[in-house]
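Note sheet for the following structure.
The values are calculated or read from the model by the stated rules, or taken from the named source; none is laboratory data. Bear in mind the structure is a predicted one, so any value in this text is a computation, not a measurement. Neighbour counts run over all protein chains shown; Cβ positions are idealised from the backbone, glycine included. Side chains are part of the model used for accessible areas, which takes the heavy atoms of the whole protein and leaves out ligands, DNA and RNA. Shrake-Rupley method; radii C 1.70, N 1.55, O 1.52, S 1.80 Å.
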Amino acid sequence: MAEIKFGTDGWRGLIADDFTFDNVRRVSGAIASYVLKNEDPRRGILVGYDTRFGSRRFAEAVSEVLSGAGIPITLANDYTPTPALSFGVVHHKAAGAVMVTSSHNPYQWNGIKYKASFGGSATPQIIQKIEAELHAGAMPKASGGSIREADFKPAYVAAITKFADLDLIAKANFKFGIDCMYGAGRNVLASIFAERGIKHVQIRGEVNPLFPGINPEPIEPHVRAAQEMVVREKCQAGFITDGDADRIGAVTEVGAFVDAHKCYAVLLQWLLEYKKWPGAITRAFNTTRMLDRIAAKYGRELIEHGIGFKYVCEVVFSGKEVLIGGEESGGIGIPRHLPERDGILNSLLLANAMAESGKTLGQLVESLQQEYGEHHYGRRDMTLSNDVKQAAIERAKSSATNSLGAYKIIRKEDLDGIKLFLDVRGKDGATNARAGSGNGSAKVKGADPWILLRASGTEPLLRVYVEAASPDLVQTILAEAEEFVLAKASTVSG
């Protein structure tokens, strides 16, 4: 039988290739066995699904297997954002949840996420147990199971709207663009705004499982329609959620893309300045180090961890109080609400930050760049064979590799993938500093340039991430990295 491997947030596969009804049932059997052995199955399991091809029917198959193991099942009666399903676990005191989605992947993909009893991504320990049941071929059978349907969205909306001052947002009189990317977030944020009389325009809210022309991921180039809409409709910001609405991207009033790093930084600054809630800050290994500078200014602990929101959950459940945690891909969570990333909640909070400051989203981003230095980010996903991927990573790790193209490697870190910190002084390093610190006095040094190579756990991809102090420098380093990756495996840089 085909091997099924869980990645950073569940299992994904190509529809009708490895994501088949047989394999979905195999995974469901493993989840059922895990729940029976490690949770209270009488509390039941929730099952949700997104707008992808076949998701409703796959969710029904999941429900049939779980109920066949004697577990009561509550199946969503409509397309459901992943964070709404996760909130449902806590709201209904369920044993866990299964979400049929492959998040931001292209239309050919589907997948399964497992949400634990605490309402967040399963920890690595839980995933290991589920995989062990999968390899054992677990398919428990018992009587007493049932399937009923429910709408998980109303309770979720009631919960997240308590975290944002909607009256203040309405009073600020900003206009917001909303791009659902044909995903499960359709109509949720728009309905919240409509109820409070907040001006907004929504695009790509219809169901189209082909995601025409895009991958449902809130990054360039897939956000072009949102960029054009915000300018055309004269909005002060645009908010974009991915296929299952747990990730966020944004657009400024002039149509400039605001990546997840800057969304996170804006939210963090607002939380520390206005909310003053306690707790540490966590970020994934591939996320902007501007967060470190913000945390240092406010005397907060910054915890770096592996890539995947499950590592945020690990920190939270270690007993550490966490204010906010997040990752490069747009997954940002507020644990006092739920240990789960949430693109819709974060959209509300960004609107709240704008209303509280009286600034557009572009002005908020610019003020961060002035105060903490220029931080710019880039990423390339390279489709490569495993041999080429691994050869590139091993060469990058090698002590014999001491430069990347024209840039000397200062140090290396291997928390998750291999990260190379570069010395760009005397080259493009002139762009690595910026005048202005918010008060017009000192110069603020921009981002310390680095590059990260990491093999995807669920796709045939090598992901290349770069942060530097200018967009040009980011692109230059990305080009050097691509050349390094594609060099013959026997070639050693430096």
Cα gyration tensor, the range 63-140 - rounded (a/c under 1.5), prolate or oblate: rounded
Filter the DSSP H helices in the chain by two things, a Kyte-Doolittle mean of at least 0.5 and an axial alpha-carbon span of 18 angstrom or more, and list the hits by number. 343-357, 471-486
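Over the chain, give the accessible area per residue in Å² for a 1.4 Å probe, as an integer.
Details: 18410 Å² over 494 residues.
Solvent-accessible surface per residue comes out at 37 Å².
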Efficiency by 1/(1 + (r/R0)^6): what FRET value for K93 and K5, r their Cβ-Cβ distance, R0 = 45 Å, to the nearest 0.05? 0.90
Taking every alpha carbon pair in the range 179-232, what does the distance histogram look like in 5 angstrom bins from 0, in percent? 4, 20, 27, 25, 16, 6, 2
Counting only protein heavy atoms, what percent of the accessible surface of the chain is carbon or sulfur at a 1.4 Å probe? 50 percent
Antiparallel bridge percentage (DSSP; both residues within the range 134-276; nearest 5): 45 percent
Label T383 and K276 with points 7 Å out from Cα along Cα→Cβ: what is the distance between them in nm? 5.3 nm
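Which loop-located chymotrypsin sites (Phe, Trp or Tyr not before Pro) does the range 274-315 contain, where loop means any DSSP state but H, G, I, E or B and the Cβ has at most 16 other Cβ atoms within 10 Å?
Answer in residue order: Y298.
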Cα-centre dipole for the chain with unit charges at Cβ (Lys and Arg positive, Asp and Glu negative), debye to 20: 660 debye
Global form of the range 306-375, assessed from the alpha-carbon gyration tensor, a/c cut-off 1.5: prolate
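Can you give the helix-only mean residue ellipticity at 222 nm for the chain, where every DSSP H stretch with n ≥ 4 adds -39500 (n - 2.57) and the sum goes over all residues, rounded to the nearest 500 deg cm²/dmol? Working shown, then result.
Working: 15 runs with 168 residues, N = 494.
Here the helix-only value at 222 nm equals -10500 deg cm²/dmol.
Over the chain, what is the percentage of antiparallel beta bridges among all DSSP beta bridges, to the nearest 5?
Of those bridges, close to 60 percent are antiparallel.
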Just how far, in whole angstrom, is the range 64-97 from the range 144-174 if you go by their alpha carbon centroids? 17 Å
I need the calculated FRET efficiency for the pair S403 and Q108, taking r as the beta carbon distance and R₀ as 41 Å, to the nearest 0.05. 0.60
Three-way shape label, the chain, alpha-carbon gyration tensor, a/c 1.5: oblate
Lys/Arg Cβ at +1, Asp/Glu Cβ at -1, dipole of the range 325-398 taken about the Cα centre: which of Q370, G330, V388 is farthest positive-ward? V388
Past the 26 Å Cα-Cα mark, which pairs from K5/K115; K276/K320; K234/K276; K408/K445? K234/K276
Using a simple charge model, +1 on the beta-carbon of Lys and Arg, -1 on the beta-carbon of Asp and Glu, nothing else, what dipole does the range 13-119 show about its Cα centre, in debye to the nearest 20? 260 debye
Between the DSSP loop rule and a limit of at most 16 other Cβ atoms within 10 Å, which trypsin sites (Lys or Arg not before Pro) in the range 80-135 are left? K93
